[in-house]
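The values are calculated or read from the model by the stated rules, or taken from the named source; none is laboratory data. Source: prediction; values computed, not measured. Here the Cβ is made from the backbone with ideal geometry for all residues, glycine too, and neighbour counts use every protein chain on show. Areas reflect the complete protein model, heavy atoms only, side chains present, ligands, DNA and RNA absent. Shrake-Rupley method; radii C 1.70, N 1.55, O 1.52, S 1.80 Å.
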Amino acid sequence: MNAGSPRPDAASVLAINAGSSTIRFALYDAGAATLRARGKIERIGSHDATLTAQSVAGRNAPACAIDGIDYASAAGALIDWLDQRRLLHFAKAVGHRVVHGGAQYGSPERIDDTLLQRLRTISDYSPEHLPSAIDLIERFRQRLPDIPHVACFDTAFHHDMPRVARLLPIPRRFEAKGIRRFGFHGLSYQFLIEELERVAGIDAARGRVILAHLGNGSSLAALRHGKSVDTSMAFTPAGGVPMSTRSGDLDPGLAWYFARAENIGTEQFHHMVNRESGLLGISETSADMRDLLALEATDVRAAEAVEFYCYQIAKCVGAFAAALGGLDTLVFAGGIGENAPVIRQRVCTRLEFLGVRIDPGRNASNDGVISSDGSAATVRMIRTDEELMIARAAQRLAIHA
């Protein structure tokens, strides 16, 4: 791995954002106010996994190929890369994104052996994320044993949703075991609502707001008074609207049918709905929205995948507008929400019954406000920043350690 990467020269806070096939990192000053460097490992699980990084000054570190294709290899490579460039040397705290906190954790927590053991007991809640996240945390704790490590739970933002939004319509005895609707993308939603207040004021942030985090994983959240009142993902991140490779909501009878008629067992079914479905399943070509938009004019499967995605997103917005009693602000974020004007346009065209009107020029330019002046609801595009939320939580808990 080459030198020339960004390097801090004072105390810092490190944010680690572990996904199912990516690991993002960001380095902030000790107050978690100024970004110094950020980077990511992408395509974990494939033979072309790479690490890229950039300093805040815009200097790019040479891209590094990652030896080994599994998550453990990628995690080890990242820690070694950071250590070799002394990016760990000045760290005073490390914040870790943890996708699932179960019913217990409603706020960031200092990581200790007890917390990790509790997470292991709920690994089946999110087998695509939790085991690898726990392994990554343990590796960082071994390398940096003398500083605080903080778990930032993606489920925490939705922890106090109204009870009617938390319930699952299954026998009540399972609720006592912690089985409920949880919701995810909470770190993104926390950033978005804080940013909405900054750019639009407190009245807008406390109004009837729908946040749409659309990316490889996609979900929506309905907020009132700045708090989550409902969200599309449920017990696991596979629920809700369709995603790149995840199905979103399905008729539960499919599991029974596939087991009997197709001899598809539970593990195969789990793999299918998480890795082979969504945009990839419908298109049979790609899980990447950019590819599908490029193909839709010549490939009916790609066109149907795009149309289905926009249709389901719009349906969810409509349902959440009903839950909120109306809509004041709609925010698009995430890789698709921030970078695909045509998807925003197609979703919002289906929302004209709510008085939503998009300004084509503003939308094409990725302006902060993309709705027209006469729109009944303001439609915005806000670039999310989960790493900043992680760093702030780590810094806050480190000070009070």
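Some values worked out for this structure:
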| quantity | calculated |
| --- | --- |
| Whether segment 201-300 is rounded, prolate or oblate, judged on the alpha carbon gyration tensor where a/c under 1.5 counts as rounded | oblate |
| Gain in span if fully extended, Ala294 to Phe258, counting 0.36 nm per residue against the direct Cα distance | 9.7 nm |
| Segment 81-141, accessible surface, carbon-and-sulfur percent (1.4 angstrom probe) | 41 percent |
| Whether segment 54-212 is rounded, prolate or oblate, judged on the alpha carbon gyration tensor where a/c under 1.5 counts as rounded | oblate |
| Carbon/sulfur fraction of accessible area - segment 274-383, other protein chains in place, 1.4 Å, % | 49 percent |
| Low-density loop cleavage sites - trypsin sites (Lys or Arg not before Pro) in segment 17-80, where at most 13 other Cβ are within 10 Å (DSSP) | Arg59 |
| Segment 152-160 - phi-based ³J(HN,Hα) in whole Hz, Karplus 6.51/-1.76/1.60, Gly and Pro as x | 10, 8, 5, 7, 4, 4, 9, 4, 10 |
| Arg198-Gln54 FRET efficiency (beta carbon distance; Förster radius 30 Å; 0.05 resolution) | 0.80 |
| Net charge dipole size for segment 246-398 [Lys, Arg +1 and Asp, Glu -1 on Cβ; Debye, nearest 20] | 400 debye |
| Antiparallel DSSP beta bridges within the chain, percent to nearest 5 | 65 percent |
| Cα-based convex hull volume of segment 92-150 per residue, rounded to whole Å³ | 70 Å³ |
| Segment Ala65-Phe353, length gained on full extension (0.36 nm per residue, minus Cα span) | 98.8 nm |
| Descending principal axes extents, the chain, alpha-carbon based, whole Å | 55, 55, 46 |
| Mean-position separation - Cα centroids, segment 99-153 and segment 330-401, in angstrom | 30 Å |
| Two-site label geometry, Asp160 and Ile399: point separation in nm, points 7 Å out along Cα→Cβ | 2.1 nm |
| Three-way shape call for segment 6-109 based on the alpha-carbon gyration tensor, with the a/c threshold at 1.5 | oblate |
| Heavy-atom accessible area ranking, 1.4 Å probe, most first, across Thr266, Thr22 | Thr266, Thr22 |
| Straight-distance crosslink candidates among lysines, where the alpha carbon sits under 29 Å from Lys40 and sequence neighbours closer than 8 are dropped | Lys92 |
| Extension gain, Arg139 back to Val342 (0.36 nm per residue minus Cα-Cα distance, nm) | 68.9 nm |
| Accessible area in square angstrom per residue, segment 324-401, 1.4 angstrom probe | 40 Å² |
